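The values are calculated or read from the model by the stated rules, or taken from the named source; none is laboratory data. Computed from a predicted model, the values in this text were never measured in an experiment. Cβ placement follows ideal geometry from the backbone for every residue including glycine, while neighbour counts extend to all protein chains displayed. Protein only, heavy atoms only, side chains kept; ligands, DNA and RNA dropped before computing areas. Shrake-Rupley method; radii C 1.70, N 1.55, O 1.52, S 1.80 Å.
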Amino acid sequence: MVSGTPRSATTIDPAGRPGGRRPAASAPKRAHETDNPISLLPIPAAILSLRAGGFEIEATNQAFREAGLGGADGRSMLVASLGARIMAFMVTPGDREDFAWQLGDAVDCRHYRVHLARAEMRAAERCLVTLIDRTAELRTEQNLRREMLTDSLSGLPNRAGFSDMLEAAIDGDATRFGRYAVMIVNLDRFSRVNACLGALAGDELLITVARRLKGALRSRDVLARTGGDEFGILLTLDAGPSDADHVARRIQSALATPFRLSDFEIRVSCSIGIAFGSDAVEDSEDLIRHAQFAVKRSKASGLVESYQIHTLDIAREQFSIETSLRRAIDGGQLRLAYQPIWDLATGRIVSFEALARWLTDDGVELSPVDFIPVAEESGLIVPLGRWAMHEAARTLAGWDRIAGGDCGVRVAVNLSAIQLQRDNIPRLVERALAESGLPGERLTLELTESALIADPDRVAQTMQALKALGTTLAMDDFGTGYSNLALLQKLPIDVLKMDRSFVTGMLADRDKIAIVRAILGLAQALGMKTTAEGIETQELSQTLAALGCTYGQGFHYARSLEADAAYALLVERNA
């Protein structure tokens, strides 16, 4: 309740301290326009007195009145809105209180910071109310935040904005019982559009794709651009996971129609990954990351993929392996084991294949099947391959010193496709041979079919340079890839190594025997020697020798051995 009868003013300084009683002026004052230091404040201010029936406005300054917070008739929007809050402050022992106050509707809303200060005067409790108008500041902050959360090209929410909306959805009632999902749509081969047509054409394509995606979604779904060629969608699932499948099909259908850019007709395909919300996922970034893992699987399979819980566990395990492997390479914790390769005609050892072995800090012997793919993906295969090349050459040179000359065998080292692309292999081999004092004829370099077809022209140049050093070149795992026979004819390959999948169980499978015969015939026609991997029985060894296979390798002869044990076997078998 606000009294409309003005009372004599009391002087209150801006800090809220009583300044004594001021006699009434001879000239009458209008209500709430008393001579008071609060009129000097540049921000809205008022003095309220606490009465039995409520509050009475004793004084206001001009800024208060101009802000529309109180007028000459004694009515005040401040008291009407905040009367209960001010009353609660006055009945508590505190002397000061600050809080935010919003006045008006959404169209014309003002934001204030309200400061209350208690004052005791003339046996009455009074409250000095001052307000700081933060409307312009907050509107500027909102505009900046809106710009920060919006993609400037498409006008859609960006990654940060999408994450905020997803966080709100996770905390909201609409997501109970896991009724939401995140879908990531990644455009395939988008970089080719930028490379061939330019960045402006790429931007035009992204804008058009965004429009089509928007048209394929339901009104309650939220679309965002979360990366260069990646879009994120927050889906509400009314009927369960099947809703996500329906939306994915509509998206694929929407993108199936060609896009017209300049004089070109562009067809765009996409990879789609989905992560479904659950009580176990409480962070928006985790859910987005799960959907992105599913996109990686989608790129490999060509299908719409959903996130599986074990996917992240595998990725974390691989990251842990990468971290430990990097330390192991730097700390010299790896070693080479050597598996003998036998001449099937004479029964003598002609070569040893060097194979990386890793005993982790936990004492676990980690298989190359586990750490070599991680090394290739992370790029660690380059330093690993360099180490293996030098170590194998040093080991063979050490055997020669023990034997007092050429010990009579070669050493074979594997070359990764990633290593061929990123490293200067001829220079690496040349340095390893120079440091060990070995001639190039003592070194065999094994390449897979995938390494040959990744960049045929560059690989051909590399192989010619390696042949100039005198090395022997072998194609490993032959028959499991997509080798071009014309390319095979042109490359200076000396040995074809048949993959163990053709050799194992060959005697009981006529089709495998036919394949082995074909590979042996091809090698003979091209003047190449052959090595059969995976020989585990004497009968299989004899059969391969009868078919014309040159060399054999497998558990029938020996498993991979430490360097000292390998040399001891060499002396025993070749004495």
| segment 457-509, residues that are open to solvent by 10 Å² or more (accessible area, probe 1.4 Å), in contact with a Gly (Cβ under 7 Å, 6 or more places away or on another chain) and under 18 Å from GLY534 (Cα atoms) | ASP499, ARG500, PHE502, THR504
| Filter result (under 15 Å from SER416 (Cα atoms) and buried (at least 18 other Cβ atoms within 10 Å of the Cβ)) within segment 383-401 | LEU384, GLY385, ALA388, MET389
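Would you confirm whether or not segment 402-421 contains a residue that is acidic (Asp, Glu), open to solvent by less than 60 Å² (accessible area, probe 1.4 Å) and either farther than 24 Å from LEU496 by Cα or at pLDDT 90 or above (or both)? First the steps, then the outcome.
From segment 402-421, those acidic (Asp, Glu) are 406; that's our starting set.
Still in the running and open to solvent by less than 60 Å² (accessible area, probe 1.4 Å): none.
No, that holds for no residue.
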| Near pairs, Cβ below 6 angstrom, 6+ apart or cross-chain, from segment 452-472 (under 16 Å from GLU441 (Cβ atoms) and touching a residue at least 60 places away in the same chain (Cβ under 8 Å)) to any residue that is assigned to a helix (DSSP H, G or I) and among the charged types (D, E, K, R) | none
| message | For segment 37-78: of the residues being open to solvent by less than 20 Å² (accessible area, probe 1.4 Å) and assigned to a helix (DSSP H, G or I), which is modelled with the highest pLDDT? | response | PHE64
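Can you tell me which residue among ARG192, ARG212 is open to solvent by 50 Å² or more (accessible area, probe 1.4 Å), modelled with pLDDT of 85 or more and not in a loop (DSSP other than H, G, I, E, B)? So that I can check it myself, show each step before the final result.
Numbers: ARG192 fails: modelled with pLDDT of 85 or more.
It is ARG212.
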| remark: So the helices (runs of 4 or more DSSP H) completely within segment 493-562 holding 1 or more residues that are more than 19 Å from MET475 (Cβ to Cβ), touching a residue at least 40 places away in the same chain (Cβ under 8 Å) and not β-branched (Val, Ile, Thr) are 538-547
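Restricted to segment 350-382, and to residues that are among the charged types (D, E, K, R) and in a loop (DSSP other than H, G, I, E, B), which residue is surrounded by the most Cβ atoms within 10 Å (Cβ to Cβ)?
Narrowing segment 350-382 to residues among the charged types (D, E, K, R): 353, 357, 361-362, 365, 370, 376-377.
In the following step, the residues that additionally are in a loop (DSSP other than H, G, I, E, B) were identified as 361-362.
Working: ASP361: 10, ASP362: 7.
Looking at the filtered set, the residue picked out is ASP361.
Determine which member of the set ARG159, ARG179 is open to solvent by 60 Å² or more (accessible area, probe 1.4 Å), of a type in the set (Lys, Arg) and modelled with pLDDT of 85 or more.
On the way: ARG179 fails: modelled with pLDDT of 85 or more.
Residue meeting the stated conditions: ARG159.
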| said: Quick test of your reading of the structure: GLN308 fulfils all but one of (1) open to solvent by less than 50 Å² (accessible area, probe 1.4 Å); (2) among the polar types (S, T, N, Q); (3) out of contact with any helix residue (DSSP H, G or I) (no Cβ under 6 Å at 6 or more places or on another chain); (4) modelled with pLDDT under 85. Name the failing condition by number. | reply: (1)
| request: Evaluate segment 562-573: report whether one residue or more is within 14 Å of GLU449 (Cα to Cα), among the acidic types (Asp, Glu) and within 45 Å of the chain's Cα centre (by Cα). | output: no
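For segment 469-504, enumerate the residues that are among the polar types (S, T, N, Q), in contact with a helix residue (DSSP H, G or I) (Cβ under 8 Å, 6 or more places away or on another chain) and at pLDDT 85 or above. Working first, answer last.
Filtering segment 469-504 for residues among the polar types (S, T, N, Q) gives 471-472, 480, 483-484, 489, 501, 504.
Of the ones still in play, those that are also in contact with a helix residue (DSSP H, G or I) (Cβ under 8 Å, 6 or more places away or on another chain) are 471-472, 480, 483-484.
Passing the criteria: THR471, THR472.
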| task | Write out, first by first residue and then by second, each pair whose Cβ atoms fall under 7 Å of each other, whose residues are 6+ apart or on separate chains, and whose first residue, in segment 124-151, is among the hydroxyl-bearing types (Ser, Thr, Tyr) while the second is open to solvent by 70 Å² or more (accessible area, probe 1.4 Å). | result | THR135/ARG110
| Here is a list of conditions, (1) in contact (Cβ under 8 Å) with a residue 40 or more places away in the chain; (2) open to solvent by 10 Å² or more (accessible area, probe 1.4 Å); (3) part of a helix (DSSP H, G or I), and SER278 meets all of them except one; can you say which number that is? | (3)
| Right, LEU507: under 39 Å from the mean Cα position of the chain (by Cα) and modelled with pLDDT of 85 or more or not? | no
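Say whether the condition of being within 21 Å of ILE274 (Cβ to Cβ), more than 24 Å from the chain's Cα centre (by Cα) and among the hydrophobic types (A, V, I, L, M, F, W, C) is met by at least one residue in segment 191-204. Don't jump to the end; show me each part of the working.
Initial filter on segment 191-204 (within 21 Å of ILE274 (Cβ to Cβ)): none.
No, that holds for no residue.
Residue-wise test of (1) in a strand (DSSP E or B); (2) under 38 Å from the mean Cα position of the chain (by Cα).
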{"site": "ALA88", "(1), (2)": "no, no"}
{"site": "HIS111", "(1), (2)": "yes, no"}
{"site": "ALA119", "(1), (2)": "yes, no"}
{"site": "ARG126", "(1), (2)": "yes, no"}
{"site": "LEU131", "(1), (2)": "yes, no"}
{"site": "GLU137", "(1), (2)": "no, yes"}
| task | Being more than 29 Å from ASP455 (Cα to Cα) and surrounded by 13 or more Cβ atoms within 10 Å (Cβ to Cβ) is the filter; apply it to segment 510-533 and report the residue that is farthest from the chain's Cα centre (by Cα). | result | ILE513
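In segment 237-255, what residues are surrounded by 17 or more Cβ atoms within 10 Å (Cβ to Cβ) and either within 25 Å of the chain's Cα centre (by Cα) or not in a loop (DSSP other than H, G, I, E, B) (or both)?
ASP243, ALA244, VAL247, ALA248, ILE251, ALA254, LEU255
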| task | Can you give me the number of residues within segment 335-349 that are assigned to a strand (DSSP E or B) and buried (at least 18 other Cβ atoms within 10 Å of the Cβ)? | result | 8
| task | Please verify whether segment 478-490 includes one or more residues that are touching a strand residue (DSSP E or B) at 6+ places or on another chain (Cβ under 8 Å) and β-branched (Val, Ile, Thr). | result | no
| said: Six or more apart or on different chains, Cβ atoms under 6 Å: show the pairs whose first residue is in segment 210-233 and in contact (Cβ under 8 Å) with a residue 40 or more places away in the chain and whose second is among the charged types (D, E, K, R) and part of a strand (DSSP E or B). | reply: PHE231/ARG225
| said: Just to verify a result, which residue in segment 382-415, among those that are out of contact with any Asp or Glu (no Cβ under 9 Å at 6 or more places or on another chain) and β-branched (Val, Ile, Thr), is farthest from LEU473 (Cα to Cα)? | reply: ILE402
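Is segment 256-266 home to any residue that is buried (at least 20 other Cβ atoms within 10 Å of the Cβ) and either modelled with pLDDT of 85 or more or not aromatic (Phe, Trp, Tyr) (or both)? Working first, answer last.
Taking segment 256-266 first, the residues buried (at least 20 other Cβ atoms within 10 Å of the Cβ) are none.
No, that holds for no residue.
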